[in-house]
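Data first, discussion second: the structure below is written as structure tokens.
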Amino acid sequence: MGLQPLEFSDCYLDSPWFRERVRAHEAELERTNKFIKELLKDGKNLIAATKNLSAAQRKFAHSLRDFKFEFIGDAETDDERCIDASLHEFSNFLKNLEEQREILALSVTETLIKPLERFRKEQLGAVKEEKKKFDKETEKNYSLLEKHLNLSAKKKELQLQEADNQVEQNRKHFYELSLEYVCKLQEIQERKKFECVEPVLSFFQGLFTFYHQGYELAKDFNHYKMTLQINIQNTRNRFEGTRSEVEELMNKIRRNPQEHKRANHFTMEGYLYVQEKRPAPFGSSWVKHYCTYRKETKKFTMIPFEHRSGGKVGDEELFVLTYCTKRNIDTTDRRFCFDLEASDRPGVPVTMQAFSEEDRKLWMEALDGKEALFINLNRANAKREGSAQLDKIGFTVIKKCISAVETRDAKTCNEVDLENSVDWEVKTITSAMKQYLRSLPEPLMTYELHGEFIIPAKSGSPESRVNAVHFLVHKLPEKNKEMLEILVKHLANVSKHAKRNLMTVANLGVVFGPTLMRPQEETVAAIMDLKFQNIVVEILIENHEKIFKTLPDATLPEPISMSVSAPNAPPRQSRRQGQRIKRPLAVYNLCLELDDADSHSSPREDTPTGSMDSLSSQSPTPAFSSSPPGLLDGNHLITNSGDLAGWTTNLPGQSRPSMVSWMNTPSANPVATNTAPSTFFFPNPATGSDRAAESVAHRKARAVYPCEAEHSSELSFQIGAIFEDVQFSREPGWLEGTLNGKRGLIPQNYVQFL
């Protein structure tokens with residue numbers, strides 16, 4: 001049962017039970033006062049902790065913002081640039097979150113602390129003052145009453161009447177004060193319910209507003225996260241390919257260092273010990289120097305360097321060599337020595353000591369020394385003469401291989417006439433194609449143009465890159481260009497079925513980048529450019545119709561630093577102020593969820609679908625649905641699970657658990673027993689049918705404004721361009737469509753549906 005009400009009439013009786021009820025009300029208000037006092041203390045601690053957390057988060061954000069990754073080489077890929085910028089993006093997300101947290105801390109002070117302090121001071125404090133008055137008047141009233149009752153009846157009537165009037169007047173004052181106090185007690189008992197709870201409600205409103213802002217930030221971050229995960233996966237794939245090339249080069253150099261010396265402007269370079277003579281009592285000392293020599297100028301340079309002292313470098317000494325003579329053992333107590341004489345110090349030879357007899361022979365040969373044994377140092381630079389040639393036979397072989405891959409069935413090989421129709425596996429055929437291309441005297445895209453192809457991949461907008469590669473392809477020798485067109489067209493066909501065969505454009509770039517392009521000299525620096533070779537191949541595949549079917553501009557286009565929209569083009573989809581701009585996702589280069597071959601549902605937002613396996617290389621959980629998709633009908637190629645290996649000899653990560661577990665899932669198709677879902681799918685040449693044609697047709701659209709892509713997931717186009725298979729994107733204000741075989745994002749207000 002709650003508190004009993006205080007009746008005003010009881011103030012006049014002032015009974016013991018009335019006083020007990022008053023004390024109960026007073027005790028409840030005291031308990032409320034202690035609760036509010038403790039709540040205020042906890043609230044202030046919460047604000048202090050929130051500020052400390054915010055300060056720590058901001059410090060963490062500053063640490064992220066201030067660090068920048070360094071890269072090897074002279075440029076980064078778009079994926080690497082996105083990864084480099086990610087720390088700054090993370091910092092911005094934290095900064096935005098902490099701004100909302102600061103608002104929360106301020107709101108706690110304004111909506112919780114101050115109202116409760118005001119209620120405690122103005123209301124509960126006022127009751128305490130009323131209680132003091134009531135207690136004081138109670139003491140005064142009953143003291144005066146006792147004194148009055150003790151008056152003698154023998155007093156004069158006038159004195160007794162005066163005393164009676166004084167007691168009555170005091171009693172009235174006491175009753176009035178008692179009435180006010182009782183009224184105040186009951187008023188505060190009722191007022192405390194909303195005066196205490198309303199500030200707490202406001203606090204929770206502010207708290208959930210903060211969490212809602214965090215949710216909005218999380219939604220924005222989710223788009224960025226998915227794109228970044230794809231950037232990370234692409235970079236990881238390129239890293240795996242680059243690492244294998246680096247290890248291969250390292251092993252070659254380990255087996256024979258001299259055959260893989262880097263070509264540079266020095267005829268010879270390396271460490272030698274130089275004899276430094278001292279006054280007679282001290283003899284001589286031998287100091288290690290790094291020496292270089294240029295035969296055409298006869299300039300010899302020595303730089304003292306001691307590894308053990310932390311890599312201290314001394315002063316460089318340069319002289320012009322006059323002659324070099326081998327020192328015999330009978331003239332010195334050290335092995336592997338030879339003498340040099342400088343033009344400015346005739347008759348004063350400098351004695352050098354090589355690391356070995358072989359090392360001395362190399363130095364003697366380079367320095368034209370006496371008794372030098374001449375060794376061919378240029379054999380590493382000798383032109384590799386491959387057994388394969390870019391001739392009629394080569395074209396025939398490649399065309400037959402492509403035809404076999406694109407048309408053969410897994411069970412029979414009747415349409416293929418290779419070695420008397422032996423049942424070749426796809427992986428054998430594709431490996432033969434790659435081996436042929438790698439055996440050519442020079443790569444298909446030539447040593448001469450290798451550097452020029454790499455340059456546009458390192459800079460410029462997507463449109464300018466395409467234009468530059470377009471221009472360079474038409475500078476290739478005619479046979480090279482013809483063979484390249486055949487191969488790229490085939491790779492474009494493969495990429496169209498990426499949802500099934502996992503061979504996205506990015507993966508094909510990783511596989512064929514080193515096959516179609518390679519530098520003339522094998523160095524680590526050249527291997528670091530492998531990722532840009534992959535990008536060039538991606539550009540060829542995605543834009544093969546334009547590159548091979550149309551003529552380029554007369555001059556090599558300059559890289560475009562920024563996109564320029566038409567003067568009258570409408571603005572792209574705007575976002576509300578304060579919200580981070582969301583970049584659209586690249587949808588045309590992703591392996592989508594494999595739960596349904598014909599499914600057009602949007603991929604889940606919690607996991608990016610562009611990678612061929614789980615984005616965490618350590619995770620054993622498959623990235624795809626555990627249920628294998630059904631095999632296609634007889635119009636499509638059905639191959640066994642090993643066929644992928646033909647293309648993926650250099651494909652990183654193909655053996656990771658997620659891909660293997662998916663590929664090894666047995667098929668329910670009785671025609672192809674013990675096979676996994678198809679690796680490659682091509683339309684039957686006779687029927688021209690394709691699974692995509694069986695799906696519900698989407699609308700077409702025409703561009704009403706020109707647009708240049710600002711991101712690799714967007715399409716560039718001119719006025720009048722016709723888009724196929726147009727559908728609405730998950731990104732508000734954007735559409736997805738196909739233009740010239742490339743699928744990407746289109747600003748919705750730049751096109752008109754047909």
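The values are calculated or read from the model by the stated rules, or taken from the named source; none is laboratory data. Everything quoted here is computed from the prediction, not taken from an experiment. Here the Cβ positions follow ideal geometry from the backbone for every residue, glycine too, while neighbour counts run over all protein chains shown. Calculation scope for accessible area: heavy atoms of the full protein, side chains included, ligands and nucleic acids excluded. Shrake-Rupley method; radii C 1.70, N 1.55, O 1.52, S 1.80 Å.
For the range 11-28, filtered to residues that are acidic (D, E) and in contact (Cβ under 8 Å) with a residue 24 or more places away in the chain, the residue that is farthest from S202 (Cα to Cα) is D14.
Only a single item in (1) in contact (Cβ under 8 Å) with a residue 12 or more places away in the chain; (2) outside any helix (DSSP H, G or I); (3) open to solvent by 60 Å² or more (accessible area, probe 1.4 Å) is not met by E70, and it is number (1). Among residues of the range 504-521 that are without any contact (Cβ under 8 Å) to a residue 60 or more places away in the chain and closer than 12 Å to F532 by Cβ, those with a beta-carbon under 6 Å from a residue that is surrounded by 24 or more Cβ atoms within 10 Å (Cβ to Cβ) and of a type in the set (A, V, I, L, M) at least six positions away or on a different chain give the pairs G509/V537.
Here R31 does not fit the description of being farther than 23 Å from V200 by Cβ and in a helix (DSSP H, G or I).
Matching residues to (1) hydrophobic (A, V, I, L, M, F, W, C); (2) under 27 Å from K192 (Cα atoms):
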site: V108; (1), (2): yes, yes
site: I113; (1), (2): yes, yes
site: D135; (1), (2): no, yes
site: K140; (1), (2): no, no
site: K147; (1), (2): no, no
site: K155; (1), (2): no, no
site: V167; (1), (2): yes, no
site: K172; (1), (2): no, no
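When each of R58, R23 is tested for being open to solvent by less than 70 Å² (accessible area, probe 1.4 Å), at pLDDT 90 or above, of a type in the set (K, R) and part of a helix (DSSP H, G or I), the lone residue that passes is R58. Residue under question is K489, and the condition is that it be over 25 Å from F717 (Cα atoms), at pLDDT 90 or above, in a helix (DSSP H, G or I) and open to solvent by 10 Å² or more (accessible area, probe 1.4 Å); does it hold? No; evaluated as a whole, the condition is false for this residue. Taking strands (runs of 3 or more DSSP E) as the structural unit, those lying wholly within the range 284-361 and holding at least 1 residues that are open to solvent by 60 Å² or more (accessible area, probe 1.4 Å) and among the hydroxyl-bearing types (S, T, Y) correspond to 284-294, 317-326.
Of everything in the range 720-754 that is in a loop (DSSP other than H, G, I, E, B) and touching a residue at least 40 places away in the same chain (Cβ under 8 Å), the residue that is farthest from D78 (Cα to Cα) is L754.
Meeting the requirement of 3 or more residues that are more than 22 Å from the chain's Cα centre (by Cα), modelled with pLDDT of 85 or more and not acidic (D, E), the helices (runs of 4 or more DSSP H) wholly within the range 501-606 are 505-516, 530-542, 544-549.
Counting only residues that are touching a residue at least 12 places away in the same chain (Cβ under 8 Å) and either under 29 Å from L3 (Cβ atoms) or assigned to a helix (DSSP H, G or I) (or both), the range 128-185 holds 29 of them.
Table: residues versus (1) open to solvent by 80 Å² or more (accessible area, probe 1.4 Å); (2) at pLDDT 75 or above; (3) of a type in the set (A, V, I, L, M).
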residue: A672; (1), (2), (3): no, no, yes
residue: S678; (1), (2), (3): no, no, no
residue: F681; (1), (2), (3): no, no, no
residue: S689; (1), (2), (3): no, no, no
residue: S712; (1), (2), (3): no, yes, no
residue: G720; (1), (2), (3): no, yes, no
residue: F728; (1), (2), (3): yes, yes, no
residue: P747; (1), (2), (3): no, yes, no
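Among residues of the range 73-94 being charged (D, E, K, R) and touching a Ser or Thr at 6+ places or on another chain (Cβ under 7 Å), the one that is surrounded by the most Cβ atoms within 10 Å (Cβ to Cβ) is D79. Return yes when R465 is at pLDDT below 85, part of a helix (DSSP H, G or I) and crowded, with 19+ Cβ neighbours inside 10 Å and no when it is not. The answer is no for R465. In the range 425-440, which residue that is over 34 Å from the mean Cα position of the chain (by Cα) and over 14 Å from A388 (Cβ atoms) is most open to solvent (accessible area, probe 1.4 Å)? Result: E425. The residues on offer are L145, L97, and the sole one that is within 30 Å of S63 (Cα to Cα) and either surrounded by 12 or more Cβ atoms within 10 Å (Cβ to Cβ) or at pLDDT below 90 (or both) is L97. Within the range 191-203, residues that are touching a residue at least 12 places away in the same chain (Cβ under 8 Å) and at negative phi reach no partner that is among the basic types (K, R) and part of a helix (DSSP H, G or I) with beta carbons closer than 7 Å at six or more positions or on different chains.
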